[in-house]
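Below: the structure, in structure tokens.
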Amino acid sequence: APRADAGGTMRLTLLILLTLCAASALGLGATWLTVERGLPVGGLVIGPWRADPGVGGLGANPYQRAGLSRRGEAPLAYGDGLAFTATTDQQGRPLSLACDYTLAGDMPAARLWTLAAFQPDGRRVANALGRFAATSAEAVRVADRPTAVTLSREARPGDWLPLSGEGPFVLRLNIYETAVGTPLARSSPHLFTIERGACR
């Protein structure tokens, strides 16, 4: 009888240890995914673009702060503007460095906007020209046409950001001193559409 009791105790201890290991793995995995990709709900979504207006304020949750720290970013406070990210085009296809893209549209009123391409881990997409961002300060404007920026490996006329490398990438659009996402916004905002062109 004592030997049977010892065997039962061992099995119970082993079961508890396995349960604790599985729970720890699930918890750590869920935390890593949330830090890496953000919370699945909330935020401001406009087409393929997403922003978390509260990330720069005191109300930012621990996952948002951990994600910013991991990427080495300084968040925009609500009064400064909004930082949008996009990982897909208008059709929901993941952005790929093997493809060309055209971003076009009438941007909301703002003091300045900047557009840049990043690797999923937060590093800038490298290029031989050292041109990493397009801005409203230098954007080419054509009468009666929306602002447009082309992303491709080969040079293009107008506003162009060079791409290089392989795999997925992330677009970041920072809009400074804008009413988008606040009660002051009187209409539904529009941002750049992201249309995919040729792929290699």
- Query: So how many residues does the range 168-200 have that are under 20 Å from the mean Cα position of the chain (by Cα), modelled with pLDDT of 95 or more and among the small types (Gly, Ala, Ser)?
  - Reply: 0
- Query: How many residues are at pLDDT 80 or above and open to solvent by 100 Å² or more (accessible area, probe 1.4 Å) when one looks only at the range 15-39?
  - Reply: 3
- Can you run down the residue pairs with Cβ atoms below 6 Å, 6 or more apart or on separate chains, where the first is in the range 101-112 and at positive phi and the partner is open to solvent by less than 30 Å² (accessible area, probe 1.4 Å)? 105/192
- Enumeration of residues in the range 132-145 that are assigned to a loop (DSSP other than H, G, I, E, B) and either open to solvent by 70 Å² or more (accessible area, probe 1.4 Å) or within 17 Å of residue 83 (Cβ to Cβ) (or both): 132, 136, 137, 138, 140, 141, 142, 143, 144, 145
- Message: Suppose we keep only residues that are in a strand (DSSP E or B) and among the small types (Gly, Ala, Ser) within the range 89-126. Which one would you say is farthest from residue 197 (Cα to Cα)?
- Response: 110
- Item | Filter result for residue 153 (out of contact with any helix residue (DSSP H, G or I) (no Cβ under 6 Å at 6 or more places or on another chain), charged (D, E, K, R), open to solvent by less than 40 Å² (accessible area, probe 1.4 Å) and modelled with pLDDT of 90 or more) | no
- Task: Would you tally the residues in the range 94-125 being within 18 Å of the chain's Cα centre (by Cα) and either at pLDDT below 90 or charged (D, E, K, R) (or both)?
- Result: 4
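The values are calculated or read from the model by the stated rules, or taken from the named source; none is laboratory data. All values reported here derive from a predicted model rather than from experimental measurement. FYI the Cβ positions are ideal-geometry reconstructions off the backbone, even for glycines, and counts take in every protein chain you see. Heavy atoms of the whole protein, side chains included, go into the accessibility calculation; ligands, DNA and RNA do not. Shrake-Rupley method; radii C 1.70, N 1.55, O 1.52, S 1.80 Å.
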